[in-house]
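The values are calculated or read from the model by the stated rules, or taken from the named source; none is laboratory data. Every value quoted in this text rests on a predicted model; they were computed, and no experiment measured them. Cβ coordinates were reconstructed from backbone atoms using ideal geometry, including for glycine residues, and neighbour counts include every protein chain displayed. The area values use the complete protein model at the heavy-atom level, side chains included, leaving out ligands, DNA and RNA. Shrake-Rupley method; radii C 1.70, N 1.55, O 1.52, S 1.80 Å.
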Amino acid sequence: TGIIVSRVCFGSLTLGPLCANLSLAEGKELLLAAFKLGVTFIDSAEQYKTYPYIKAALAETDRPIIVATKTYAQNEHEASWAREDARIALGRETLDIFLLHEVRNAEDFQSRAAVWQLLLDAKANGIIKAVGISTHSAKVAAMAAAIPEIDIIHPLVNYAGIGINDGGTPEMLAAAAAAQQAGKGVYGMKAIAGGGLMHEAKKALRWAYQRPELDAVAIGFKDQAELITDIGWINGEDPPEAQ
């Protein structure tokens, strides 16, 4: 895709009202701390309501940060609104990555054809750099790997297979590998299964970040202690307890 990102993607869902509900200042500082640790990739979505944190952090860094966002839009009007909302709320004329949020099956993808066409048109017009889908389905990921217009796939994947639909971890990794072979970018989500693998988070994170089928993996952080610990684990370190 020509877009270079860090292996660690900051999953911004945890910052906002659906999760930790940090203050704008707290969220901004957490993002800036991640940037200092080498993170240059952020995942967001229209639904997450986290654009204000990202915009605030982007305003205070000179680093080239890639931002991915997603929409559940069902028609062209909703999609157009989501695209413009992202541009305005992030303070960016051009959006790096824009995905259809959580494509469940082939029929779901087809039902959003007008939305997908709007994203393709925005890419053709230079408003969006890369387009794609997020999914919890191994079958959808395999389907997406074979669609030439899809640049990016954001699949649910963890070593235990928790939350993967229409298959398990082997099927999802095979789809990811096929996508890479087709020249697509792949970044995973839910490496610790939305908390389901929290009791073995270190193992789960190290597994995910060692997978060659994944170019990056999105993970959420709610405070700096978690950020430092998790990135340490990912890097193969066992950092001391955060003070």
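Here, segment 162-208 has an Rg and a Dmax of 11.8, 36 Å when only alpha carbons are counted.
Our helix-only sum for the chain, with -39,500 (n - 2.57) per DSSP H run of n ≥ 4 divided by its residues, gives a mean residue ellipticity at 222 nm of -11500 deg cm²/dmol. Among the DSSP helices (H) of the chain, those spanning at least 20 angstrom by Cα along their long axis with an average Kyte-Doolittle hydropathy of -1.0 or more are 76-90; this is a geometric and hydropathy rule only. Over the chain, accessible surface divided per residue gives 44 Å², non-protein components excluded, 1.4 Å probe.
Rounded to the nearest 10 square angstrom, Trp81 shows an accessible area of 140 square angstrom against a 1.4 Å probe. About its Cα centre, the dipole of the chain is roughly 180 debye, where the only charges are +1 on Lys and Arg Cβ and -1 on Asp and Glu Cβ.
Computing FRET efficiency as 1/(1 + (r/R0)^6) for Glu200 and Glu26, where r is the C-beta to C-beta distance and R0 is 45 Å, gives about 0.95. What's the longest uninterrupted piece of the chain once you rule out the GluC sites (Glu not before Pro) that are loop residues per DSSP with at most 16 other Cβ within 10 Å? Result, exposed sites excluded: 150-236.
Give me the net charge of Val39's neighbourhood, meaning all other residues with Cβ under 10 Å from the Cβ of Val39; Lys, Arg count +1, Asp, Glu -1.
Residues near Val39 contribute +3 overall.
Amide H contacts of Thr69: Ser44, Ile97, Phe98, Leu99, each under 5 Å away and 5 or more positions distant or on a separate chain (H built 1.01 Å from N in the peptide plane; Pro and chain starts excluded). A full extension of the chain between Ala106 and Gln210 corresponds to an added length of 34.5 nm, given 0.36 nm per residue minus the alpha carbon distance. Rg/Rh for segment 1-149 (Cα atoms only, Rh after Kirkwood) is 0.96. Rg and Dmax over the alpha-carbon atoms of segment 98-243 stand at 16.3, 51 Å. Ranking Cys19, Ala68, Leu30 by how far each Cα lies toward the positive end of the dipole of segment 1-80 (charges on Cβ) leaves Leu30 at the top. Give, as a single signed number, the net charge of other residues whose beta carbon lies under 13 Å from the beta carbon of Leu13, with Lys and Arg counted +1 and Asp and Glu -1. Once positives and negatives cancel, what remains is +1. Tally Lys and Arg at +1 and Asp and Glu at -1 over the other residues with C-beta under 10 Å from the C-beta of Ala56: what net charge comes out? Charge balance in the 10 Å sphere: 0.
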